[in-house]
1. Can you find even one residue in segment 55-71 that is over 42 Å from the mean Cα position of the chain (by Cα) and modelled with pLDDT of 70 or more?
2. Surrounded by 12 or more Cβ atoms within 10 Å (Cβ to Cβ), in contact (Cβ under 8 Å) with a residue 60 or more places away in the chain and of a type outside the set (Gly, Ala, Ser), is that true of Arg294?
3. Within segment 405-413, is even one residue in the same structural domain as Ala368 (by the TED database), of a type in the set (A, V, I, L, M, F, W, C), surrounded by 18 or more Cβ atoms within 10 Å (Cβ to Cβ) and within 19 Å of Arg492 (Cβ to Cβ)?
4. So, Val401, is that one farther than 20 Å from Glu335 by Cα and touching a residue at least 12 places away in the same chain (Cβ under 8 Å) or not?
5. Residues of segment 361-392 being outside any helix (DSSP H, G or I) and surrounded by 15 or more Cβ atoms within 10 Å (Cβ to Cβ), which ones?
6. From the residues in segment 223-248 that are surrounded by fewer than 15 Cβ atoms within 10 Å (Cβ to Cβ) and over 34 Å from the mean Cα position of the chain (by Cα), which one is nearest to His138 (Cα to Cα)?
7. Considering every residue within segment 278-286, establish whether at least one is in a helix (DSSP H, G or I), without any contact (Cβ under 8 Å) to a residue 24 or more places away in the chain and among the small types (Gly, Ala, Ser).
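The values are calculated or read from the model by the stated rules, or taken from the named source; none is laboratory data. If you're wondering where the values come from, they're calculated on a predicted model, not measured in any experiment. No Cβ is skipped: glycine too gets one built from the backbone with ideal geometry, and neighbour counts run over all protein chains shown.
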Amino acid sequence: MRAARRQVLLVAPPARTAVEAALAGGLVLASLLLLSGDVPPWVRRQGTDLVVLPVAASIAALRLRARGSVPEARDTAALAGLFLLLDAARAVAFGPEPVPRFSSAGGWLFGLLGTGLFLSARLLVRGFVAWRALCRRHLAWALADAHVKLFGLLAALAVSAFALRVATSPFFETFVPPGSGAGTDFWIRVVAGVAPQTLLALLAAVVAMLLLLPPLALLSRLAIGPAARRIERLTAHADAVGEGRLDLRVPVEGEDEVARLEAHLNAMAGRLSLVLADLSTERDRVERLLSERRRLYLTLSHDLRTPVAAIRARLEPLASRAEGPERAELDRLLEDVVRLETLLLDLFAVARADAGRLPVRTAACDAAGLARGVVETFRPLAWQRGRVELLAAAEAALPPVLADPGRLRQVLGNLVHNAVRACPPGGVVLVEAAADAGGVRLSVRDTGPGIPEGTDPFEPRPVAETEDERAGIGLSIVRELAAAMGGRVEARSLPEGGACFSVVLPKAPQERPAA
């Protein structure tokens, strides 16, 4: 209901407001002219003044949009000008005075009735909006608002009873011309009695409410003062708890609803303190485990690199001198040793990245050329091991990127190795280099099974816990190295099948020519 009210009140532009007010006033005026029959001219004039104009002014005041002080004042002045023109037209059409016995001052007052009604109604509407905003922010004003509403309800009932009594008074029968119909009698009673008397009663009620508002507000402030202070203390305590001061406690006073809220807030702060203490203990434990894991990775990768390098150094001359089946077997063994050495390098890089000590030396380099070199290196192995075709494609005139050439080869090598491992026999892996906003995008597309839904392929996962061929630390080090070079990684499954892993690197700054 509140949302519907917000969509109706104070939202219409000036032109639409003027049209709606004119339509509402026109409907009331048409009914007055059609149903009033043969009545004196002053009845029609007074009906226009006391029925049509209040309706039009109320519609305009309620519908005109609120949009800041200066634009709203401009819109209000424009509509007030329209009502002023309407008042001038009334003065020309009906004469200067609504009733012959009115004084000239009364005639002038009625001559500006439309403008005055609109401005007064608009002032009341804006005051009501400001009052409601004040009541939403302060409990004492909300209590005063409840008192005002009660008085307003009683005043409305009194005004309604007064209007009904005026409408049924036999006094107005003297104004009804002989032989007139029921419509004439009705409108004479409305125009000559109910409308002016009701407007006066409403004006008196509004004045009384405005006069009662200060003492009601004072009484409400005195009545709600202790509870309001307790609530303000609760608010300050809640703010302190939100800032992390969980050792504070608010004193509990009494046994009422506010006291129960104070007790609950103290209990909540105590529970939060215990939870945060447990979290701090758990965080310290996790930090110790991560630190131990980093030390283990560094130790293992460092200690294992030496014997693996020694094995490779002994296998290479043996493989070069061997012939026949023995040569093929030694070549495969040498490839496995090289792969083991690469994994140890990745493990060492992951450990150093976790410790924040991953060395990266960036410089301007040709990303497309590096990609072609990696493809040429892996192409024979990809075909020999898995019958996977490895291709390269690059856009022309790509700008140089800011990267570490050795680390970039490691990134592309890991991506290509994972793509080849995920492809079935007969699959294709395409390495692309293309321009991207502010840099170059290196993409590795494969025809494998794609990325499992709901998983992050760059998070290291134990191979024993998943069937994804891309599991392991290879992709994890890709993300760490890309971030260290100022780039980012992306991964997505392709609609036609397979996956696409991308590394976006920034463009190298152009060197300024020497002066």
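1. Looking through segment 55-71, none of the residues is over 42 Å from the mean Cα position of the chain (by Cα) and modelled with pLDDT of 70 or more.
2. Criteria met by Arg294.
3. yes
4. Judged against the criteria, Val401 is a match.
5. If we filter segment 361-392 for residues that are outside any helix (DSSP H, G or I), which is where we start, we get 361-366, 387-392.
Passing the criteria: Thr362, Ala364, Cys365, Asp366, Val388, Glu389, Leu390, Ala392.
6. Gly225
7. First pass over segment 278-286, keeping only residues in a helix (DSSP H, G or I): 278-286.
Checking the rest, the ones that are also without any contact (Cβ under 8 Å) to a residue 24 or more places away in the chain come to 278-286.
Next, only the ones that are among the small types (Gly, Ala, Ser) stay: 280.
Yes, because at least one residue in segment 278-286 is in a helix (DSSP H, G or I), without any contact (Cβ under 8 Å) to a residue 24 or more places away in the chain and among the small types (Gly, Ala, Ser).
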